[in-house]
């Protein structure tokens, strides 16, 4: 069973507003075992929307439309659906109360008539009464047993109606289809990696691709600044088989990627760091000294609940002045070689480790760009110090904007800190 998702709004097509609704809907329908085949954004034009609906109905069992259900002239979704299906728009008086929910001036007939546009839905469709907002939705079943769902575009209103009305309806449809032997279960997993490219991952896991295909598990790889995602989608006739096949391929890939893999779904790298620390010693502590990242590493660490148990604190020494005054960095060393050097990075880690008396410390200094003097933008030094004289310094060149360089730096050094702790745990058995 598959669907098409259509988001309505000229502001989407102009790039003025990000289409977060399609992402939400696609994730939810996939959880239900429904495959999203197409996504569209359409301007506020009746003809365009009608054409997209007709196209979607050719290739999809379900069409889910969000947006364009308000009372203004550019809210044309109702008309577009009626046009695509050759249906009349009829007023459903059960929706009048919702349509006039926020209106107080009972004497303004012109405004009342405009608001009551929200009470008109295609003939023979099922009205969906909003719990939030005033825009009603509706469900239409076509002559060839396909369904169109229309819900509001305001994210909060959309999520409410989708969760409370659309999802139960979809489950009922799927139960009916399963009784006819027409069901297909879909399971998905997103594996998170850092400091490794799409091409490198593809090379590392190429031997698993054939086996995955044989088990009806599709592998996709997508890259972003500091994070490369491996997306697994398993399909089977029953949930147990889909889950089992997904876990087999997932285990193969995570085992091969090793320390590059740090979590699943929406996990933070600091979540993985916390788990590693908990497996090692309950009282292990860390501290940070940041220049280039301006406190981002400390922020990422403290985004994880319970981080106060191991994170002692950090010092943002962005300027030479703060490096000297807060970390007691040698001023001559800064004058001679500059703040971005292996020597300064090491001294930053040494000082902050001493200040907080932590088991591990990390430090970062570099050029986020675009101005870097005669040095390359994206040049970063990272240092990690630990127990028993552990010391490691990295020289990296990160590409991207200032914010991307900062995020890549944070991801990298936290990954390396996690790796260092893991190695000590393995060494001590």
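The values are calculated or read from the model by the stated rules, or taken from the named source; none is laboratory data. No experiment lies behind these values; they were computed from the predicted model shown. Heads up, the Cβs are rebuilt from the backbone with ideal geometry, glycines too, and the neighbour counts pull from every protein chain shown.
Quick notes
- Residue that is modelled with the lowest pLDDT, among those in segment 12-46 that are exposed (fewer than 15 other Cβ atoms within 10 Å of the Cβ) and assigned to a helix (DSSP H, G or I): 31
- The single residue among 152, 168 that is out of contact with any helix residue (DSSP H, G or I) (no Cβ under 9 Å at 6 or more places or on another chain), within 30 Å of residue 57 (Cα to Cα) and outside the structural domain of residue 424 (by TED's automatic domain parsing) turns out to be 168.
- Test: residue in segment 261-277 that is on the phi > 0 side of the Ramachandran plot, crowded, with 17+ Cβ neighbours inside 10 Å, assigned to a loop (DSSP other than H, G, I, E, B) and out of contact with any strand residue (DSSP E or B) (no Cβ under 8 Å at 6 or more places or on another chain): no
- Filter result for residue 398 (in the same structural domain as residue 287 (by TED's automatic domain parsing), closer than 28 Å to residue 261 by Cβ and crowded, with 16+ Cβ neighbours inside 10 Å): yes
- Residues considered: 213, 275. Of these, the only one that is without any contact (Cβ under 8 Å) to a residue 12 or more places away in the chain, outside the structural domain of residue 192 (by TED's automatic domain parsing), more than 26 Å from residue 401 (Cβ to Cβ) and more than 16 Å from the chain's Cα centre (by Cα) is 275.
- Any hit, segment 62-77, residues being without any contact (Cβ under 8 Å) to a residue 40 or more places away in the chain and closer than 24 Å to residue 168 by Cβ: no
Quick grid of which residues meet (1) in the same structural domain as residue 76 (by TED's automatic domain parsing); (2) crowded, with 21+ Cβ neighbours inside 10 Å; (3) over 19 Å from residue 154 (Cα atoms); (4) out of contact with any strand residue (DSSP E or B) (no Cβ under 6 Å at 6 or more places or on another chain):
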site	(1), (2), (3), (4)
101	yes, no, no, yes
107	yes, no, yes, yes
111	yes, no, yes, yes
118	yes, yes, no, yes
127	yes, no, no, no
130	yes, yes, no, yes
133	yes, no, no, yes
137	yes, yes, no, no
142	yes, no, yes, yes
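- The condition of being buried (at least 22 other Cβ atoms within 10 Å of the Cβ) and over 20 Å from residue 159 (Cβ atoms) holds for only one of 63, 76, that being 76.
- Test: residue in segment 329-336 that is touching a helix residue (DSSP H, G or I) at 6+ places or on another chain (Cβ under 8 Å), in contact (Cβ under 8 Å) with a residue 12 or more places away in the chain and outside any helix (DSSP H, G or I): yes
- One residue stands out among those in segment 389-408 that are part of a helix (DSSP H, G or I) and touching a helix residue (DSSP H, G or I) at 6+ places or on another chain (Cβ under 8 Å): the one that is farthest from residue 370 (Cα to Cα), which is 407.
- Residues considered: 184, 179. Of these, the only one that is at pLDDT below 90, crowded, with 18+ Cβ neighbours inside 10 Å and over 22 Å from the mean Cα position of the chain (by Cα) is 184.
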